[in-house]
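Contents: one structure, followed by commentary.
The values are calculated or read from the model by the stated rules, or taken from the named source; none is laboratory data. All figures in this text were calculated on a predicted structure; none of them were measured in a lab. All Cβ positions, even for glycine, are placed from backbone atoms using ideal geometry, and neighbour counts span all protein chains on display.
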Amino acid sequence: MFRIQICFARACGAEIAPIAAAEKCDANIYHMKSASLRDLRYNFKKVEHLLSQGEEVQITKRRKVIARLVPEKPAERPPMPDFAARLKAIYGDKIHEVSGAELIRMDRDRF
């Protein structure tokens, strides 16, 4: 029990007596962010801020972890299709006698 308290005190940055400091501490304490259901309801902005920074958040209910929120990775945009290559594949090197703009102009002049 004493060894655990020493390791915890070292991890928290507390000063330790010289006799206890000689003992090797092999504890690695990892502090994952956690929030209760109440925090989600009333302080969601803080939880959202943690997620936007890329941190995982554990959701607790009565001090037991019930869920884990993981930030979404940004989606990659799909590359734009090559429309010119598609048109060339469909129509080839055909040149139409009347362009689309001329067809519209002629259709408008009809009335």
*Criterion violated by residue 68 - all others in (1) under 30 Å from residue 36 (Cα atoms); (2) free of Cβ contacts under 8 Å to residues at least 12 places away in the same chain; (3) of a type outside the set (A, V, I, L, M); (4) surrounded by 10 or more Cβ atoms within 10 Å (Cβ to Cβ) satisfied*: (2)
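Can you go through 76, 55 and tell me which one is within 12 Å of residue 33 (Cβ to Cβ) and acidic (Asp, Glu)?
55
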_So residue 102, is it loosely packed, with under 10 Cβ neighbours inside 10 Å and modelled with pLDDT under 90_ = no
*asked:* Please go through segment 71-89 and give me each residue that is surrounded by fewer than 11 Cβ atoms within 10 Å (Cβ to Cβ) and either assigned to a loop (DSSP other than H, G, I, E, B) or among the polar types (S, T, N, Q) (or both), ordered by number.
replied: 72, 73, 74, 75, 76, 77, 78, 79, 80, 81, 82
*Can you run down the residue pairs with Cβ atoms below 8 Å, 6 or more apart or on separate chains, where the first is in segment 89-111 and without any contact (Cβ under 8 Å) to a residue 12 or more places away in the chain and the partner is of a type in the set (A, V, I, L, M, F, W, C) and surrounded by fewer than 10 Cβ atoms within 10 Å (Cβ to Cβ)?*
106/98
*Of all residues in segment 74-99, how many are closer than 30 Å to residue 56 by Cβ, at pLDDT below 85 and of a type outside the set (A, V, I, L, M, F, W, C)?*
1
*How do the pairs read when you match residues in segment 34-49 that are at negative phi with residues anywhere that are in a strand (DSSP E or B) and of a type in the set (Lys, Arg), using Cβ under 8 Å and keeping only pairs 6 or more apart or on different chains?*
36/61; 37/61
